[in-house]
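Below: one structure, written as structure tokens.
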Amino acid sequence: MQRMTNRPRGLIILCCVAVLAACGGTAAPSGPPTVTSAPPATATPPTSVPTATVAPATALTQPTIAAPAATAPPASPAPALTSFPAASVTAAPTTSATLASKPIKVFRDPDPDPHRDLAEAVAFSPDSKTLAAALSGGNVQVWDIATEAKGQTLKGPFTMLFAVAFSPDGTMVATGSGGNEKVVRLWSIPSGAELRVMRGYTDRINAVVFSPDGKTIASGSSDTTIKLWDVATGNELKSFAGHTGSVNALAFSPDGKTIVSGSEDKTAKLWDVATGKEVRTLAGHTGFVGSVGFSPDGKAVVTGSGDTTARVWDVATGAPAQNLAGHTDKVYSAAFSPDGKTIATGSADHSIKLWDAATGKERGAITGMPGLFTVAVYSPDGKTLATVHDIFAISLWDATILAR
């Protein structure tokens, strides 16, 4: 799981607290959202957070492009579902699909502590049925997606968490911490028991990810290094050095032979897992690289950057293949859909954009949500897109609708 850094956390948290205080903690239900047409690769202006009166959650409305929106019959709000202002969804003129303008589920604490409840990273279980969030206060909260019920709360002696990942078999969760600890922790699921603690960093850990076979964990730190750990023993296997800035994000290739890393030094690097040697550097961004990911076939890498763009790179040559330009602020997250046809990007401009992976053209956008979109993660089954906002909320969107 990649964790996006460089957020103005203190400022955003204070702003979010102010908004929550003004709004009484929730937002009023709104009328049917507006669906507008927009040309590809055009950024949608940020929408301010409305100050509204407390009201229960209402039924979701899914408008159809070029047709009046149909209103669903009222439904009883689920215990963990929180009402949000309607987001605006735009799509390219050739798009004829129905787009979801509100998240299908929202997970959040009804009384969030701005110092403890900000979700720094999220991860889906391999079966796409469970969601885990690393919270800024040091806990990992697990939810059952179908029932929205809280599962385990993994608690340790750490003060801050920045990364979380499920093992490929779903029986373990790895976390990366900062503060006074700076360790990788391994937990058993569903028991919640702590299995191992891996030490060796001098600064916080921003990224943790399991290898496809589940035998190795890779972690990246603000001390500029990448380490590989043996899951069975907790022993350090290798340490990669080459970045000159914080390592913000990591991903394994589908065959487990290559790692891609994103750094504060404005580059991404490809590494040979067997030898620990750098294969090539992906250079071209003019801002930090805060998110990385492989395409499902392992032939391409996507990067998200502080320069407001995301880029797609050819793994074999290191050459840029697509420049995804359209956001107006930092891109904190970029991810391929499991079928490799779509790329989702999340930005500080308050929008999620969907791009055609083959052409680099913008296919649609979700705008108007409060806070920064700092994380956009697809579920392994490709049916759900999870986003994290700097309002202590994790939203789930119907990815099958958004991708049409």
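The values are calculated or read from the model by the stated rules, or taken from the named source; none is laboratory data. No experiment lies behind these values; they were computed from the predicted model shown. FYI the Cβ positions are ideal-geometry reconstructions off the backbone, even for glycines, and counts take in every protein chain you see. Surface areas here come from the heavy atoms of the whole protein model, side chains and all, with no ligands, DNA or RNA. Shrake-Rupley method; radii C 1.70, N 1.55, O 1.52, S 1.80 Å.
Annotations
- Boolean, Ala321 is in a strand (DSSP E or B), surrounded by fewer than 24 Cβ atoms within 10 Å (Cβ to Cβ) and either on the phi < 0 side of the Ramachandran plot or more than 19 Å from the chain's Cα centre (by Cα) (or both): yes
- Candidates Lys238, Lys227, Lys269, filtered to the one that is at pLDDT 95 or above, part of a strand (DSSP E or B), within 22 Å of Ala123 (Cβ to Cβ) and open to solvent by 10 Å² or more (accessible area, probe 1.4 Å): Lys227
- Whichever residue in segment 289-307 is within 20 Å of Ser222 (Cβ to Cβ) and small (Gly, Ala, Ser) and, among such residues, is surrounded by the fewest Cβ atoms within 10 Å (Cβ to Cβ): Gly306
- Scanning segment 253-264 for residues that are surrounded by fewer than 20 Cβ atoms within 10 Å (Cβ to Cβ) and within 18 Å of Ala241 (Cα to Cα) yields Lys257, Thr258.
- Per this entry, Ser395 is not counted among residues that are at pLDDT 95 or above and within 25 Å of Phe166 (Cα to Cα).
- Checking segment 340-359 against the condition returns a match, with at least one residue being in contact (Cβ under 8 Å) with a residue 60 or more places away in the chain, open to solvent by 10 Å² or more (accessible area, probe 1.4 Å) and out of contact with any Lys or Arg (no Cβ under 8 Å at 6 or more places or on another chain).
- Where a residue in segment 162-177 is without any contact (Cβ under 8 Å) to a residue 12 or more places away in the chain and its partner, wherever it lies, is of a type in the set (Gly, Ala, Ser), with Cβ under 8 Å and at least six apart: none
- Options Thr286, Thr281: the member that is under 22 Å from the mean Cα position of the chain (by Cα), of a type in the set (Ser, Thr, Tyr), open to solvent by 20 Å² or more (accessible area, probe 1.4 Å) and within 30 Å of Ala358 (Cα to Cα): Thr286
- Taking the criterion of being open to solvent by less than 30 Å² (accessible area, probe 1.4 Å) and of a type in the set (Gly, Ala, Ser), the residues of segment 324-339 that qualify are Gly326, Ser333, Ala334, Ala335, Ser337.
Yes or no, residue by residue, for (1) open to solvent by less than 20 Å² (accessible area, probe 1.4 Å); (2) touching a Ser or Thr at 6+ places or on another chain (Cβ under 7 Å); (3) without any contact (Cβ under 8 Å) to a residue 60 or more places away in the chain:
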{"position": "Gly179", "(1), (2), (3)": "no, yes, yes"}
{"position": "Arg185", "(1), (2), (3)": "yes, yes, yes"}
{"position": "Pro190", "(1), (2), (3)": "no, no, yes"}
{"position": "Ala193", "(1), (2), (3)": "no, no, yes"}
{"position": "Arg199", "(1), (2), (3)": "no, no, yes"}
{"position": "Ile205", "(1), (2), (3)": "yes, yes, yes"}
{"position": "Ser211", "(1), (2), (3)": "yes, no, no"}
{"position": "Ile217", "(1), (2), (3)": "yes, no, yes"}
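- Verdict on Ala386 being in a strand (DSSP E or B), in contact with a strand residue (DSSP E or B) (Cβ under 7 Å, 6 or more places away or on another chain), at pLDDT 90 or above and buried (at least 24 other Cβ atoms within 10 Å of the Cβ): yes
- Residues satisfying the stated conditions in segment 304-318, i.e. over 17 Å from Asp349 (Cα atoms) and in a strand (DSSP E or B): Arg311, Val312, Trp313, Asp314
- Wholly enclosed strands (runs of 3 or more DSSP E) of segment 85-143 bearing at least 3 residues more than 28 Å from Phe166 (Cα to Cα) and either modelled with pLDDT under 90 or open to solvent by less than 10 Å² (accessible area, probe 1.4 Å) (or both): 88-91
- Residues that are among the polar types (S, T, N, Q) and either modelled with pLDDT of 95 or more or not in a loop (DSSP other than H, G, I, E, B) (or both), drawn from segment 189-212: Asn206, Ser211
- Scoring Thr328 on the criteria (1) touching an Asp or Glu at 6+ places or on another chain (Cβ under 7 Å); (2) among the hydroxyl-bearing types (Ser, Thr, Tyr); (3) assigned to a strand (DSSP E or B) leaves a single failure, condition (3).
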